[in-house]
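Input: a single structure, listed below in structure tokens.
What follows draws every value from the coordinates through simple rules; no lab data is involved. In this text the structure is predicted, and so the values were computed from the model without any measurement. Note that we place each Cβ from the backbone using ideal geometry, even for glycine, and neighbour counts take in every protein chain shown.
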Amino acid sequence: MAMATALDQVDQRSGVVVAARTLPAGHVVAQGDLRVAQIAGAEDLAAIPAAQLDALVGQTVLTLISDRALITEEALGSREDHPKDDEAIVGASLSSAQFPSSLRNGAHVSLISTEQGQDNARTDGADDGTTVSAPAGGRAISGQVQSITPTVQGGGDVTLVELVVDRSDAADVARAASAGALTVVAVSSRGR
């Protein structure tokens, strides 16, 4: 009996909206960007029902959506929602030593500056003169990864990382990034 009930539930599928391809943040949704997938248990998910697909066309993607990922209401908004009024998007060219290899789009991060020769920073016993400090007044800056794009620049492997940060922190993060002195640390999103 339990097996029959379980099989019956598997057969009860609902149509939900999913991405037909990877959609970057800031992209305006077109009809071909979305498709319907039939899945069991959709009523328990935060996915948008297939009946609402046409209403999503013209909305702006607020955070990267991976190919075949479920579309949620939080992932889409108006053009004015990206970035939000109190946010900025900062680009950084990072070497593999400046971020964890497991870093993914959407990850919550702390941003740390590792500039040479700062007056008020601690050296942590390093003999090379490297100092460690947070970009703004000794604190780590919270952010979120919008996108990660591996590239090859000037004969070396560099990864372009777009970071969403508080607007008031953008200049400090950009300064550290342009100096090649930005380290990205992945942190848990719990408790934020």
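What you get for the stretch 13-81, charging only the Cβ of Lys and Arg (+1) and of Asp and Glu (-1), is a dipole of about 300 debye around the Cα centre.
Centre-to-centre, using Cα atoms only, the stretch 69-97 and the stretch 46-60 are separated by 19 Å.
By the scheme Lys and Arg +1, Asp and Glu -1, what is the net charge of all other residues having a beta-carbon under 12 Å from that of Ala46?
On the way: positive: none; negative: Glu43, Asp44, Glu73, Glu74.
My count for the surroundings of Ala46 gives -4.
The calculated FRET efficiency for the pair Thr151 and Gln12, based on their C-beta separation and a Förster distance of 30 Å, comes to about 0.10. Entry note: the stretch 13-81 has Rg to Rh equal to 0.94, where both radii use alpha-carbon atoms and Rh is the Kirkwood radius.
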